[in-house]
Amino acid sequence: MTDTITGLDLTKRLIAFDTINPPGNEAECFKYLASLLEPAGFDLTWHDWRPDRPNLIARLPATEATSRAPLVFSGHLDTVPLGQAKWSVDPFAGEVRDGRLYGRGTSDMKAGVAAFVVAALRLADVAERHAEIQLIITSGEETGCEGAVALAASNLLADCAALVIAEPTDNRALCGHKGALWMSLVHEGVTAHGSMPDKGRNAIFAAVESIERLRGHDFGVKPHQVMGAPTLNIGNMQAGLNVNSVPDLARVGVDIRSVVGQKNAEIRADLQRLLGDEVRLEPLTDMDNVYTDFDDPWMKSAFAVTEEILGAEPEVATATYFTDASVLKPAMGNPPTLIMGPGAMAMAHQTDEYCEVALLDPCIDVYTRLGRDHIA
């Protein structure tokens, strides 16, 4: 099985499936991966959280009696829309040009999924396995980790020894990422004719007051030594229907990125106290931060593997984006979590998205080594 498909070939095959979310429609792409994994000896558990939108747990069982928890590799198959700008390549053709594989999802994150699937197929050829390897492949990640949230609520997940998230990092081994709390602050007023504003209550004025309260907000936590400080951004505002009416509704979009030591639920409660009960806080995305200390024994060994195979001394750093690890890590017993994939961080969601072909095989080698060390 290991000789039948390469990381490049598999990434090309995955790119050919249009899994743009919305609507997603990832099912056919999942079925293709299942056609590779099941004949290789993987036990498949399907979780259909929406029509044509499955999650998949693929288990490569141990061949020997073991009490060791599994090593888990995880990634998602949905991609973001193509955007308004015209692509210079067919986004589903998997064209290789000057050492780069182009297409929607090459970096975010079908190259990462292809890498751990190829590594897992290699591990399936190991005759004596003293622990289980699991692949958790999700749909709906790009719209707030919806698939992972549904999977965590399904009781299909169990504790694992370690978790590898194959999101794009240019093969850098990262220890976690900031949390993301996106909210709509809803301000309600009373409409009236624009010539008689005293007869109404202007929701925009209430929104502006909230914005001023949030300007320079101090979260009361020290910057994390790796993640830095939490941030708050006012990203948008919608209010008013016409210039000659008093607006009775104003929404303000807030993007907060949390760090170690903060919980999104606590941040939301603090903001509610700051803004007052008259402002309604509607969550849009709620992903807690993820971090594993570099001194964790498994992380130390994983970083040593990456240094040996990639030839670069690891740096302790975190990702700027959030991942399914926000959901999977607490649902699986808070295992040490490595974020590493062959995709280009800077190319996620970009027009003419690409992945450097040269990063695929080294990443597969890292994943394979991590798996071999675990099942030995």
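Pairwise Cα distances in the range 179-287 exceed 18 Å for 51 percent of all pairs. Gyration tensor analysis over the Cα atoms of the chain returns equivalent ellipsoid semi-axes of 41, 23, 19 Å (largest first, whole Å).
First select every other residue whose beta carbon is under 9 angstrom from the beta carbon of Ala192; then total the charges, Lys and Arg +1, Asp and Glu -1.
Details: positive: Lys199, Arg201; negative: Asp198, Asp248.
Around Ala192, the charge tally is 0.
Hey, fewest Cβ within 10 Å first, where do His193, His349 land in order? Working shown, then result.
Numbers: His193 11, His349 14.
Placing the least packed residue first, the sequence is His193, His349.
The distance from the alpha carbon centre of the range 312-376 to that of the range 95-167 is 9 Å, rounded to a whole number. Exposure proxy shown here: for Ile364, Ile15, the number of other Cβ atoms within 10 Å sets the order, fewest to most, as Ile364, Ile15.
Highest first, please rank the peptides 102-109, 207-214, 220-227 by the mean number of other Cβ atoms sitting within 10 Å of their residues.
On the way: 102-109: 28.1, 207-214: 16.2, 220-227: 13.9.
Result, highest mean first: 102-109, 207-214, 220-227.
Fewest Cβ neighbours within 10 Å first, please rank Tyr321, Tyr354 accordingly. Present the calculation step by step, with values, prior to reporting the outcome.
Working: Tyr321 17, Tyr354 22.
Placing the least packed residue first, the sequence is Tyr321, Tyr354.
The calculated 222 nm mean residue ellipticity attributable to helices in the chain amounts to -8500 deg cm²/dmol, summing -39500 (n - 2.57) over DSSP H runs of n ≥ 4 and dividing by all residues.
Packing, as the average of other Cβ atoms within 10 Å across residues, places the peptides 329-338, 281-290, 61-70 in the order 329-338, 281-290, 61-70, highest first. Convex hull of alpha carbon positions in the range 50-191: directionally averaged projected area 14.2 nm². Peptides 134-147, 296-309 ranked from most to least packed by the mean count of surrounding Cβ atoms within 10 Å: 134-147, 296-309. The label-point distance for Lys199 and Asp373, in a model that sets each label 7 Å from Cα toward Cβ, rounds to 7.4 nm.
Taking the alpha carbon gyration tensor of the range 42-123, multiplying each eigenvalue by 5 and rooting it gives semi-axes of 32, 17, 9 Å, largest first. For the chain, the number of Lys pairs separated by eight or more positions or lying on different chains, with C-alpha atoms closer than 28 Å, is 19.
Bear in mind these aren't lab numbers, they're just calculated from the coordinates by the rules spelled out. From a predicted model like this one, the values you see are computed outputs, not experimental measurements. Don't worry about glycine lacking a Cβ; one is built from the backbone with ideal geometry, like all the others, and counts go over all protein chains shown.
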